[in-house]
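Take a look at the structure set out below.
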Amino acid sequence: MSAVFAANCNWTLAIRNVYSNAVRTVTGSGSSMVYNWNGTGTGGTNIPQGIYYYYISAQTNGQAFQGADNSGDSSGGSGVPPSPSFASTGVTADTLELWAMPTDGSGSAVPFNIYPPGFDTNDLTIFEATQSQMADLNRLASGSTASTATDIGSGAFSPSFSGSSSQSSPPAPGRPPTDPIVGIAGLFGIAYDTYSSNGTNGISVPPLDDGLGIGEYIPMENFSGSIALHYAPLPQFTTEANNFVDKMQLFGWRSRIHKVDDKLNINDMRGSGTPFNQVDLGVLMCHGTYGNGVDYAASGCLQMYYAIASGGSGQYLRLSEMNLGGGGAGGLKWFAILACNSLQDFNWDDMQNNIGVYPYNGNLHLLLGTDSIITTSSVILQYWAMYMNFGRSSFSPLTLRASWYQAARDAYSGHNYANPVKFAVAGDAACMDDYVQTNYYTLPQGGWTYDSNQVWP
């Protein structure tokens, strides 16, 4: 952990857990700080694996700033580097000095002497210029006309760009070789349909042919197969998805996929080429249903269907069309489908055990879903992310399966629904009790099992 201050400071570094309790506090003074943390608490005590945050506070101490004359420094100890056009380092406006800016153009030039000795300058462009030249350059960049004696437009100012190679760059601060700081927890993705293209009217999905080619259709949820089922808009999915993304990122996960409405194409979910096979964990939110008749286009099994919108219309995605699972450390291990009857018990059993149709490959650990009609909730996925990464009340994470059930119980608690609500988990028997922290210790063995759990009442 490193910082550069605009003046000489007395600084305090506090490393805190997710409850804001300090587990390690370090103090020092100077114009910069570098601290390598080995992942232990005060006195070298062991602390749980998890996400920790560091906070830096600093107060000017009146000492000289690396030997420079700070009589003109108006930064007030704010910790923010002074403006390039302000002579805060005691040099005159006509004195050449070194400036630095990111080589990719992502930031403004700042005096090079604010960087501490040992700072890695490989991503900086270093050049010479006077304070007045930099003031004119800033005015030009902002669209104003240069007004000092230095006319940038005429070429009078030609900064000498030296690049990082002109300065001998000491090596970057070393990191502990045996106790590295934990980095990104994993990659995740989410996709959902709000069915809002027709405003509050929702969409209708036409009947699905049963695959025999004689004009027969698959009855769904005891409705006639010839009826186009209507699906109401679900704008609340947006809040639910945002809450999930925020919580996952809080615990160190990186969002790789975020597909909403027409950005979600039905072919994104078909076959092994789905982009979700390139992340560790994925979520699909949509309307779901199950068939009461055999689907001959899917090897003659009963199965589940998901309504995927395209503009103001939609079509059904068969569960059998999926091939979920990605190999390697960054491949898909867990996938959740938050939709009504997304893993309906009877149809799952027919698909798996009677016909042998598998919507996954040998890399997937768990498929999480529901075994009934469900109600949307803005916090189900948020709770799921919290419980599997942290736990309910202390740093004691639950398994992905237990988190799935507990998140639904807590989200539905205190409400009143017409019918019991069931959530379900199907997965490789060796992976049914996966934790996100130890996901590489259990590998699929090839034998799948199914579990359904009533979460309300």
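The values are calculated or read from the model by the stated rules, or taken from the named source; none is laboratory data. Owing to the predicted nature of the structure, the values given are computational and were not obtained by experimental measurement. Glycine also receives a Cβ, built like all others from the backbone with ideal geometry; neighbour counts cover every protein chain displayed.
General observations
- Residues located in segment 221-241, provided they are surrounded by 15 or more Cβ atoms within 10 Å (Cβ to Cβ) and closer than 12 Å to Met285 by Cβ: Leu234, Phe237, Thr238, Glu240, Ala241
- Selection of segment 166-208 for residues being among the acidic types (Asp, Glu) and at pLDDT below 95 yields only Asp179.
- The selection criterion, being in contact with a strand residue (DSSP E or B) (Cβ under 8 Å, 6 or more places away or on another chain), modelled with pLDDT of 50 or more and not assigned by TED's automatic domain parsing to the domain that holds Ile51, does not hold for Gly163.
- Lone unmet requirement of (1) of a type outside the set (Phe, Trp, Tyr); (2) modelled with pLDDT of 90 or more; (3) out of contact with any Gly (no Cβ under 9 Å at 6 or more places or on another chain); (4) farther than 30 Å from Val436 by Cβ for Thr12: (3)
- Of the criteria (1) farther than 30 Å from Arg392 by Cβ; (2) part of a strand (DSSP E or B); (3) not acidic (Asp, Glu), which one Arg24 fails: (1)
- Selection within segment 266-279 - more than 11 Å from the chain's Cα centre (by Cα) and touching a residue at least 40 places away in the same chain (Cβ under 8 Å): Ile266, Asp268, Met269, Arg270, Gly271, Ser272, Thr274, Pro275, Phe276, Asn277, Gln278
- Test: residue in segment 355-373 that is modelled with pLDDT under 95, within 23 Å of Met248 (Cβ to Cβ) and hydrophobic (A, V, I, L, M, F, W, C): no
- Within segment 298-320, tally of residues that are in contact with a strand residue (DSSP E or B) (Cβ under 7 Å, 6 or more places away or on another chain) and touching a residue at least 40 places away in the same chain (Cβ under 8 Å): 16
- Failed item, numbered, when Val421 is tested on (1) under 16 Å from Leu281 (Cα atoms); (2) touching a Ser or Thr at 6+ places or on another chain (Cβ under 6 Å): (1)
- Here Ser224, Ser313 are screened, and the one residue that is more than 23 Å from Leu400 (Cα to Cα), among the small types (Gly, Ala, Ser) and touching a Ser or Thr at 6+ places or on another chain (Cβ under 8 Å) is Ser313.
- If the condition is being part of a loop (DSSP other than H, G, I, E, B) and either at negative phi or crowded, with 18+ Cβ neighbours inside 10 Å (or both), then segment 322-339 contributes Asn323, Gly325, Gly326, Gly327, Ala329, Gly330, Gly331, Leu332, Lys333, Ala339.
- Inter-residue pairs, beta-carbon under 6 Å, first assigned by TED's automatic domain parsing to the domain that holds Thr239 and surrounded by fewer than 18 Cβ atoms within 10 Å (Cβ to Cβ) and in segment 193-218, second part of a loop (DSSP other than H, G, I, E, B) and among the hydroxyl-bearing types (Ser, Thr, Tyr), 6+ apart: Tyr217/Ser226
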